[in-house]
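Notes follow once the structure below has been shown.
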Amino acid sequence: MSTTETLERPETTLAPAPRPGRYGAIVTGALLMVVGGLWLLDVTDVIDLETAMVLPVALGVIGLALIIGSFNGPHVGLIVAGVFVTIAVLAVAAIPPDAFNGGIGERNIRVTNEANLAEQYNVGLGELRLDLSDLSMTESAEIAATVGAGDLTILLPPEVPVDIDAAVGAGEIDLFGEIDNGISVSDTYTSDGFESADVTLTLELDVAAGNIEVQR
């Protein structure tokens, strides 16, 4: 009579993988801590916090979390969040910093005296029309004009040489009849003899979404 012995293998207990919901909560908490730390540095005047700084940092945190989390499975929520933050980063990069300053509405500004000429003109949403056609200039000047969403029109003095740098996030640029349109459009124009002229006008024009038109 024989006896058969049965050898039982010891059971191995595997540590459970972090649940996606719990992992997302950890990442969210880490992201809030980073943003809170940046805000604290801003209010204590250690750094000057801007949206253009916060969004890339948030994107970096999400990207690092996705790399770490990839070892225990996909995290769809983080992927979606990363896509939206990426779009926001690209949008902020394309939009000029002062684009949505200046309020809402239609602004028609006519300047004939150089003493009344401002260095900056802004409209957040609407139309900005800057008429310099009768401006008498005795000194060179530099002007920056921005529109968040809408139209920017500049009428120039007839004889003053100009140097123009124009950019549109999405829309159209018309410089003296030369038209360019699309996404992230930028154009420049420099008058003949600008470098040697005694009196010149330099324009930096930015529109996030809309149109820029410059004419004499």
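Reported count of residues in the range 141-169, each being over 22 Å from N116 (Cβ atoms) and either surrounded by 17 or more Cβ atoms within 10 Å (Cβ to Cβ) or of a type in the set (S, T, N, Q) (or both), is 8. Whenever a residue of the range 114-140 is loosely packed, with under 13 Cβ neighbours inside 10 Å, its partners that are assigned to a strand (DSSP E or B) and of a type in the set (K, R), lying with C-beta atoms within less than 8 angstrom and at least six residues away or across chains, give the pairs D134/R110.
Scanning the range 186-216 for residues that are within 20 Å of Y121 (Cβ to Cβ), in a strand (DSSP E or B) and open to solvent by 20 Å² or more (accessible area, probe 1.4 Å) yields S186, D187, T188, Y189, T202, E204, D206, A209, N211, E213, Q215. G150 meets the conditions (1) of a type outside the set (A, V, I, L, M, F, W, C); (2) under 22 Å from the mean Cα position of the chain (by Cα); (3) modelled with pLDDT under 75 in every case but one. The failed one is (3).
The values are calculated or read from the model by the stated rules, or taken from the named source; none is laboratory data. Since this is a predicted model, take the numbers as computed values, not measurements. Glycine gets a Cβ as well: all are built from the backbone with ideal geometry, and neighbour counts include every protein chain shown. Areas reflect the complete protein model, heavy atoms only, side chains present, ligands, DNA and RNA absent. Shrake-Rupley method; radii C 1.70, N 1.55, O 1.52, S 1.80 Å.
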